[in-house]
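**Student:** Let me begin by handing over the structure; questions about it come next.
The values are calculated or read from the model by the stated rules, or taken from the named source; none is laboratory data. Model, not experiment: these values are computed from the prediction. Quick reminder, even Gly has a Cβ in these numbers, built from the backbone with ideal geometry, and neighbours come from all protein chains shown.
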Amino acid sequence: MGDTSAHKFELLVVGGGPAGMAAAASAAERGLRVGIVDDNEKVGGQIWRQGLASSPEPEASDWSKRVMSAGVIFIRGRVFHQAAPDVLLAEDGDSAFKLEYDKLIVATGARERFLPFRGWTIPNVMGAGGLQAMVKSGLPIEGKRVAVAGTGPLLLAVAAYLHKHGAKIPIVCEQASWKHLLQFGIGLMNQPGKIKQALQLKGELAGVPFSPNSWPIAATGTTALESVTISRGGRTETIACDYLACGFHLVPNIELPLLLGCRIHGGYVCVDNLQRTTINNVFCAGEPTGIGGVELALVEGQIAGLGASGRNFEAQKLFRQRESLRRFASRLNRAFSLRPELRNLASPDTIVCRCEDVRYSRLKRYASWRSAKLETRCGMGACQGRICGPATQFLLKWEPESVRPPIFPARVESLTCARTAAAAK
Amino acid sequence: MPEKVTLTVNGATVTVAAGTSVAAAIVLSGQSCRTSVSGAPRGPLCGMGICFECRASINGRPHCRSCQILCSQDMEVRTDG
């Protein structure tokens, strides 16, 4: 078991979502030997996760074809450590392996932000994207009552998806105010494509009540969710439901770039015009550089892939498009920024760290993430703070710090391999 | 008709469409995933392999993220320790 097999690539892409696919295809089409490593069965990432019954979106299938016909090698695995400057370690099931590269593109995407409120740990309270992913992977939703809540464009997309698959959606609660949403809507005037998307969603959501200025305050149920209480325009209301799909926009997955030593600013990976990070030969594209959605991820991915292939002139042709998408993204992120009232959702006995069952009252005694971790084990469980970290950042304004390997829980055998690999280098 | 797969969750038999994740099969079986350190039942949260709430023992291997693993014939899933 101590021997670690190795894959060698001129370009390794970590993450097979839109940014990673665009990066890998762009570079492989220009002759580089490219590998994608991803934790999922197939490329597509979370946004293009393929359902059991439904066929993939045309854009997803186009990119997937490009990735395959360009000869990109797909490796299923989860990167957990760096063995040497140009070597990552990953594991899948029973095996650990080395991934060696000349150039690296980090395209690790984003996850949902979760905010603790009373009852949020009850089974069948899930992320909005989380429930959608579960339905895509076989959870029957027809006839189920699903309340959708939180913030961000994902809520409407998820509500439309669930509605289409036969769920009853009693309400979509959006914490942002009408004012913010309207300002954002007016901003859409410059982006005809976005208006089309919005109108299409509106059509798919016919009959589903959408309520801005609203958020969940409590979920109730004994062994599984039975109802959710919401604050809606200053009043509270209790709604019976089978599922609550609840997410508060997105936070980037920056654990790997942190481990590699890339400069981070304001929670995002710093990149130059060609998507290069501050670490030599390491590029970053998509959500880790700023939450911006599929289209921006695709453009950044292409730029990174071209940059990694030395095709700087070709990459430059995409700069204007990236600029316009970034402006759109920053308006979107402003429109869906979290209102301060949400800090009061957690009561003293609300669990904040789900892995270690650490309650809010215990956390409030500490001044920093580090001291809370040491004293309460908050953020020290299996998810390594991926869920409670962004929550405490919002609730208590704690800043996340450096990461320590392994950046995902790994088997002891894999860690032994890590040591052997480092020694061999 | 899609192909079916039969597995057990804590001994109870569940039949699902091929391609269904183990996490979906656990929820379908009407059971919860892990039990929290203070004894409360938990179910899947993120659906994408990040939160570890859906972890279960699959064919004897502990701590598998059940949302990232597809069901296979005669699989044995345990969420009760």
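**Student:** When A:PHE283 is evaluated against the numbered criteria (1) in a strand (DSSP E or B); (2) within 17 Å of A:SER324 (Cβ to Cβ), which criterion, by number, is the only one it fails?
**Tutor:** Of everything listed in (1) in a strand (DSSP E or B); (2) within 17 Å of A:SER324 (Cβ to Cβ), A:PHE283 misses just condition (2).
**Student:** Within the range A:80-154, which strands (runs of 3 or more DSSP E) (wholly inside it) include 2 or more residues that are more than 10 Å from chain B (Cβ to nearest Cβ) and out of contact with any Phe, Trp or Tyr (no Cβ under 7 Å at 6 or more places or on another chain)?
**Tutor:** Here the list reads A:87-92, A:95-106, A:146-151.
**Student:** Quick one: in the range B:33-43, which of the residues that are crowded, with 21+ Cβ neighbours inside 10 Å and more than 7 Å from chain A (Cβ to nearest Cβ) is farthest from the chain's Cα centre (by Cα)?
**Tutor:** B:ARG34
**Student:** Is it the case that A:ILE36 is surrounded by fewer than 21 Cβ atoms within 10 Å (Cβ to Cβ) and not acidic (Asp, Glu)?
**Tutor:** no
**Student:** Applying the selection to the range A:135-154, what residues are surrounded by fewer than 24 Cβ atoms within 10 Å (Cβ to Cβ) and more than 21 Å from the chain's Cα centre (by Cα)?
**Tutor:** Residues satisfying the conditions are A:PRO140, A:ILE141, A:GLU142, A:GLY143, A:LYS144, A:ARG145.
**Student:** Within the range B:21-32, which residues are assigned to a loop (DSSP other than H, G, I, E, B), in contact (Cβ under 8 Å) with a residue 24 or more places away in the chain and either more than 7 Å from every other protein chain (Cβ to nearest Cβ) or over 10 Å from the mean Cα position of the chain (by Cα) (or both)?
**Tutor:** Within the range B:21-32, just B:GLN31 meets the criteria.
**Student:** Then there's this: Got a sec? Which of A:ARG334, A:ARG354, A:ARG327 is touching a residue at least 12 places away in the same chain (Cβ under 8 Å) and more than 13 Å from chain B (Cβ to nearest Cβ)?
**Tutor:** Step by step, each of A:ARG334, A:ARG354, A:ARG327 is checked, and only A:ARG334 is touching a residue at least 12 places away in the same chain (Cβ under 8 Å) and more than 13 Å from chain B (Cβ to nearest Cβ).
**Student:** Taking into account only those residues within the range A:232-253 that are part of a strand (DSSP E or B) and free of Cβ contacts under 8 Å to residues at least 40 places away in the same chain, which is surrounded by the most Cβ atoms within 10 Å (Cβ to Cβ)?
**Tutor:** So, considering only residues that are part of a strand (DSSP E or B) and free of Cβ contacts under 8 Å to residues at least 40 places away in the same chain, the one surrounded by the most Cβ atoms within 10 Å (Cβ to Cβ) is A:GLU237.
**Student:** Looking for whichever is in a strand (DSSP E or B) and either within 11 Å of chain A (Cβ to nearest Cβ) or modelled with pLDDT under 95 (or both) here; the options are B:CYS64, B:CYS46. Which one fits?
**Tutor:** B:CYS64
**Student:** I would also like to ask the following. Among the numbered conditions (1) surrounded by fewer than 22 Cβ atoms within 10 Å (Cβ to Cβ); (2) assigned to a loop (DSSP other than H, G, I, E, B); (3) within 19 Å of the chain's Cα centre (by Cα); (4) not aromatic (Phe, Trp, Tyr), tell me where A:GLN393 comes up short.
**Tutor:** (2)
**Student:** Looking only at the range A:11-69, which residues are of a type in the set (D, E, K, R) and more than 14 Å from every other protein chain (Cβ to nearest Cβ)?
**Tutor:** If the condition is that a residue be of a type in the set (D, E, K, R) and more than 14 Å from every other protein chain (Cβ to nearest Cβ), then A:GLU29, A:ARG30, A:ARG33, A:GLU57, A:GLU59, A:ASP62, A:LYS65, A:ARG66 are the ones that fit.
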